[in-house]
1. Residue check, Arg158 against (1) modelled with pLDDT of 90 or more; (2) part of a helix (DSSP H, G or I); (3) under 18 Å from the mean Cα position of the chain (by Cα), all met but one. Which one?
2. In the list Ala17, Ala21, Ala67, Ala93, which residue meets the criterion of being within 19 Å of Gly129 (Cβ to Cβ), surrounded by fewer than 17 Cβ atoms within 10 Å (Cβ to Cβ), modelled with pLDDT of 85 or more and out of contact with any Pro (no Cβ under 8 Å at 6 or more places or on another chain)?
3. Looking at Val107, Val47, which is the one that is out of contact with any Phe, Trp or Tyr (no Cβ under 6 Å at 6 or more places or on another chain) and at pLDDT 90 or above?
4. Give the residue, chosen from Arg78, Arg126, that is out of contact with any Gly (no Cβ under 7 Å at 6 or more places or on another chain) and at pLDDT 75 or above.
5. Take the stretch 109-156 and flag every residue that is farther than 26 Å from Ser59 by Cα and open to solvent by 70 Å² or more (accessible area, probe 1.4 Å).
Amino acid sequence: MGPPGERDEGWFTSLYAAEYAHIVRYGLRRLADSDASAELAQEVFVVAWRRRAEVPDRSLPWLYGVARRLLANQWRSRRGVPDVLPITDADLARVAGSSGADVTVGVADVRAALAVLSELDQEILRLVGWEELTVSEAAKVLGCTRAAAAVRLHRARRRLAEAMSDRPIHVRRPMLATIREDL
C-alpha cells in the first residue's frame, strides 16, 4: 500500500475497493440487516481515512478490529438489548455466492452448536473460520497476543466439537475458586 506519506485518495480508493465487501460481510454476520451492515462499513472506512497513517499494509485485520470496536461502542451506548441476530439467523442473511464455511454440508448443525457457545468463543471461531484470518490476525482484531488467541481458538474449537457431538460442555472452574471453596 505504500508508506503513510503516499496515502492519498488513490490509496484510499484501492483500499475501499479491495476490502469493502469483506467488512460488509463481517457486519452481516453480526447485525440484523444489510443497511446496518453497509452503515458499519462506511463508519469503518471513515476511521480508516482519518487514521490512514496507522493502517498496516495487511489492512483487513485492522479494519475488522475497527468494526468490532464500533459495534461494541454502539451496543454500550444503547445499554439495552442490541439489535443483533443470533448467529443461527445472522448467517442466513448472507449474500448469495459466498464462499468458505457457509457453503459446506452441515452448516445448520454448526450454527446450532455455535449458538450455545459464549460470544468470545463465537467471535474467535468466526474470525478464523468465516473471515479467514490467521491466528495472529485474529489476535490483532481481539486486542490480545497471538498466544492468547491460539489458546482461545483451541478451547473454542474443543467446545464447538463437544456441542456438535451432543456431549455436555464441561466448564472448568478456576483453580483459585476450587481452593477457596475447600477452605
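1. Only one criterion in (1) modelled with pLDDT of 90 or more; (2) part of a helix (DSSP H, G or I); (3) under 18 Å from the mean Cα position of the chain (by Cα) is unmet by Arg158, namely (3).
2. Unique residue meeting the criteria: Ala21.
3. Val47
4. Going through Arg78, Arg126 in turn, just one is out of contact with any Gly (no Cβ under 7 Å at 6 or more places or on another chain) and at pLDDT 75 or above: Arg126.
5. Asp109, Val116, Arg155
The values are calculated or read from the model by the stated rules, or taken from the named source; none is laboratory data. Here the structure is a predicted model, which means the values were calculated and not measured. Don't worry about glycine lacking a Cβ; one is built from the backbone with ideal geometry, like all the others, and counts go over all protein chains shown. Calculation scope for accessible area: heavy atoms of the full protein, side chains included, ligands and nucleic acids excluded. Shrake-Rupley method; radii C 1.70, N 1.55, O 1.52, S 1.80 Å.
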